[in-house]
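Enquirer: Here you go, one structure.
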Amino acid sequence: MPRLVMKFGGTSVANVERIRNVARHVAREVRAGYDVAVVVSAMSGKTNELVAWVKEGDPLYDPVEYDAVVASGEQVTSGLLAIVLRQMGLPARSWQGWQVPVQTSSSHGSARIKAIDGTGIGRRFEEAREVAVVAGFQGVDPGTGRITTLGRGGSDTSAVALAAALKADRCDIYTDVDGVYTTDPRVVPKARRLDRIAFEEMLEMASLGAKVLQVRSVELAMVHRVPTYVRSSFDDPDNPNPGTLICDEEDIVENPVVTGIAFSRDEAQITLRRVRDKPGVAAAIFGPLAEANVNVDMIIQVVSDDQATTDITFTVPTADYDRSRAILEKNREAIGAGEIQGATDVVKVSAIGVGMRSHAGVASKAFAALAEKGINIRAITTSEIKFSVLIDSEYTELAVRTLHSLYGLDKAA
């Protein structure tokens, strides 16, 4: 029998009524002839509640016990969905991460999946066509036998990894939106749902601010070539929309130059003025930040007229801004910086498209269009299939709308 993995997020399983709706989506696919494994998140808001309880118990909590607590949200949802499916007459059984097992690293709170043994689930498919309802977000450290969790959005990763392990025909990620859009429809009402998007494009979109899928899940889908759909659980289960297929670039008939515009408000800018221009200065700046697990993104270096000093500008996540400045101040003498400046009122806007590989001047058009709107660019980064600009946050919506129109994304497909 063909196999299908379906994943439902927190808003899709927010209460028992919503879980019954999910069960109808599952029943539709079973009737269509699929052996189905379902991956579920915790009910909407429950993980935040569990995290708050942990911090109330001890702000300096043990990460091992933190995982034991926060993983319980998915356990509740998986059990409830199995109960509802059985009440509907479908064979179903819940599976926790350690029961599959989903083997992970030992990094509690942000573990990475090492291996999934899908033979137990596969056996139940063959023996009873039993729907497997798997708790997402969680796994087990094989060295200690303790429960681990995969970090925020980890259920997406659980689903794609399980699809790869089961050699599923596809993986359907159900959310509260009906697919991947050319940009955020709340910012650009003319944004369009994409029928298809390449793995590479979706990976860039996810890493540059689009919140539809967790970055790690897209990486796994790309590596294992798992066709992945983004669909809405709020559609009528008997007449659902097709959603957006994330697939190989070769499966898309014609690639537009730009597929989508993403933006991220989670950016902060740091500038080091009059840094001594000598070998090793970059290591003195970015080494301590790396040791503190600060992710540095855009980097620009400008040599001064005297050829003896340089200005270095880079961006970090907003949450790491204060910590990064403290680290740099501590190492200021070793770095040899004259002044440390910063800003948190910035946003990163990006254009993504595999079509950029074969078209010249894509970024320069954007720079000219932004200039016409009076938008100053603080920093620029480029790669083969995307470019990003850092601008003042007050111009976010104007910049996104300008680029969306510039590349013809407002037009009906």
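The values are calculated or read from the model by the stated rules, or taken from the named source; none is laboratory data. Only a predicted model underlies this, so the values are computations on that prediction, with no experimental measurement involved. Cβ coordinates were reconstructed from backbone atoms using ideal geometry, including for glycine residues, and neighbour counts include every protein chain displayed. These area figures cover heavy atoms from the full protein model, side chains too; ligands, DNA and RNA do not enter into them. Shrake-Rupley method; radii C 1.70, N 1.55, O 1.52, S 1.80 Å.
Enquirer: Strictly greater than 19 Å: what percent of every Cα pair in the stretch 48-115 meets that?
Expert: Considering the stretch 48-115, 47 percent of its Cα-Cα pairs are separated by more than 19 Å.
Enquirer: Please find, in a Gaussian network model of the chain (springs between Cα atoms separated by less than 10 Å), the residue of Met88, Met205, Met43 whose mean-square fluctuation is greatest.
Expert: The residue that fluctuates most here is Met88.
Enquirer: Let me ask something additional. Give me Rg/Rg_expected for the stretch 119-172, where Rg uses Cα atoms only and Rg_expected = 2.2 N^0.38 Å with N residues.
Expert: 1.25
Enquirer: Describe numerically, in nm with one decimal, the distance between label points set 7 Å from Cα along Cα→Cβ at Trp53 and at Ser232.
Expert: Taking the simple label geometry, Trp53 and Ser232 are separated by 3.3 nm.
Enquirer: Report Rg(Cα)/(2.2 N^0.38 Å) for the stretch 231-308, keeping two decimals.
Expert: Relative to the 2.2 N^0.38 Å estimate, the stretch 231-308 comes out at 1.98.
Enquirer: So, R0 is 51 Å and r is the distance between the beta-carbons of His224 and Lys278; what FRET efficiency does that work out to, to 0.05?
Expert: About 0.65, to the nearest 0.05.
Enquirer: Starting from the Cα-Cα distance between Gln87 and Asp266, subtract it from 0.36 nm times their residue separation and give me the gain in nm to one decimal.
Expert: Using 0.36 nm per residue and subtracting the Cα-Cα distance, I get 60.0 nm.
Enquirer: At 1.4 Å probe size, with every protein chain present, just tell me what the per residue accessible area of the stretch 289-413 comes to in Å².
Expert: Spelled out: the 1.4 Å probe surface of the stretch 289-413, per residue, equals 50 Å².
Enquirer: Given contacts defined as C-alpha pairs under 8 Å and at least six residues apart, what's the relative contact order of the stretch 210-280, whole-number percent?
Expert: The normalised contact order for the stretch 210-280 reaches 26 percent.
Enquirer: Please give the direction-averaged projected area of the C-alpha convex hull for the stretch 300-399, in square nanometres with one decimal.
Expert: That works out to 8.4 nm².
Enquirer: I need the calculated FRET efficiency for the pair Asp322 and Arg357, taking r as the beta carbon distance and R₀ as 30 Å, to the nearest 0.05.
Expert: Here the calculated transfer efficiency is 0.15.
Enquirer: Taking the Cα atoms of the stretch 232-377, what is the range of coordinates along each of the three principal axes, in descending order and whole Å?
Expert: That gives 65, 36, 31 Å along the principal axes, largest extent first.
Enquirer: I would also like to ask the following. Computed from the mean reciprocal separation of all distinct C-alpha pairs, what Kirkwood hydrodynamic radius does the stretch 109-206 have, in Å?
Expert: Radius from the Kirkwood sum: 16.0 Å.
Enquirer: Can you give the relative contact order of the chain as a percent, counting alpha carbon pairs under 8 Å and 6+ residues apart?
Expert: Result for the chain is 14 percent.
Enquirer: Above 11 angstrom, tally the Cα pairs of the stretch 212-257 and express them as a % of all pairs, no decimals.
Expert: 74 percent
Enquirer: Let me ask another. What percentage of all Cα-Cα pairs in the stretch 1-59 are separated by more than 12 Å?
Expert: Within the stretch 1-59, distances greater than 12 Å cover 70 percent of Cα pairs.
Enquirer: Continuing with this model, one more query. Give me the 1.4 Å probe accessible area per residue for the stretch 70-117, excluding ligands and nucleic acids, in Å².
Expert: Using a 1.4 Å probe on heavy atoms only, each residue of the stretch 70-117 averages 46 Å².
Enquirer: Going by Cα centres, the stretch 148-169 and the stretch 210-271 are how many Å apart?
Expert: That distance is 15 Å.
Enquirer: I've got another one for you. So, with +1 on the Cβ of K and R and -1 on the Cβ of D and E, and no other charges, what is the size of the charge dipole of the chain about its Cα centre, to the nearest 20 debye?
Expert: 620 debye
Enquirer: About the Cα centre, and with charges only on the beta carbon of Lys, Arg (+1) and Asp, Glu (-1), how big is the dipole of the stretch 272-316? Nearest 20 debye, please.
Expert: Charge dipole, the stretch 272-316, about its Cα centre: 120 debye, nearest 20.
Enquirer: Please give me the summed charge of the neighbours of Val218: other residues whose Cβ is under 11 Å from its Cβ, Lys and Arg +1, Asp and Glu -1.
Expert: Charge balance in the 11 Å sphere: -4.
Enquirer: Please determine, in degrees from 0 to 90 and to the nearest 10, the orientation of helix 396-406 with respect to the longest principal axis defined by the Cα atoms of the chain, where the helix direction is its Cα long axis.
Expert: 80 degrees
Enquirer: Using Cα atoms only, what is the angle between the long axis of helix 16-31 and the major principal axis of the chain, expressed in degrees (0 to 90) to the nearest 10?
Expert: Taking the Cα atoms of the chain, the angle to 16-31 is about 70 degrees.
Enquirer: Hey, how many Å between the Cα centroid of the stretch 1-68 and the Cα centroid of the stretch 313-380?
Expert: 36 Å
Enquirer: At R0 = 41 Å, how high is the FRET efficiency between Ala308 and Leu398 if r is their beta carbon distance? Nearest 0.05 is fine.
Expert: So the FRET efficiency works out to roughly 0.55.
Enquirer: Continuing with the same structure: When the accessible area of the chain is computed with all protein chains present and a 1.4 Å probe, what percentage of it is carbon and sulfur?
Expert: After summing per-atom areas, the C and S share lands at 49 percent.
Enquirer: Roughly what % of DSSP beta bridges within the chain run antiparallel, to the nearest 5?
Expert: 60 percent
Enquirer: Okay, next question. Which whole-number percentage describes the relative contact order of the stretch 204-354, with Cα contacts under 8 Å and a sequence gap of 6 or more?
Expert: 32 percent
Enquirer: Sticking with this structure for a sec: Between Asp345 and Lys411, what length in nm is gained on full extension when 0.36 nm per residue of separation is reduced by their alpha carbon distance?
Expert: 20.6 nm
Enquirer: Throw me the Rg/Rh for the chain, computed over C-alpha atoms with Kirkwood Rh, two decimals.
Expert: On the Cα set of the chain, Rg over Rh gives 1.01.
Enquirer: Place a point 7 Å from the Cα of Glu329 along the Cα-to-Cβ direction; which residues of the stretch 253-276 have their backbone N under 19 Å from it?
Expert: 268-275, by backbone N distance to the label point.
Enquirer: Then there is this: Can you give me the angle between helix 46-57 and the longest principal axis of the chain, using Cα atoms only, in degrees from 0 to 90, rounded to the nearest 10?
Expert: The angle comes out near 70 degrees.
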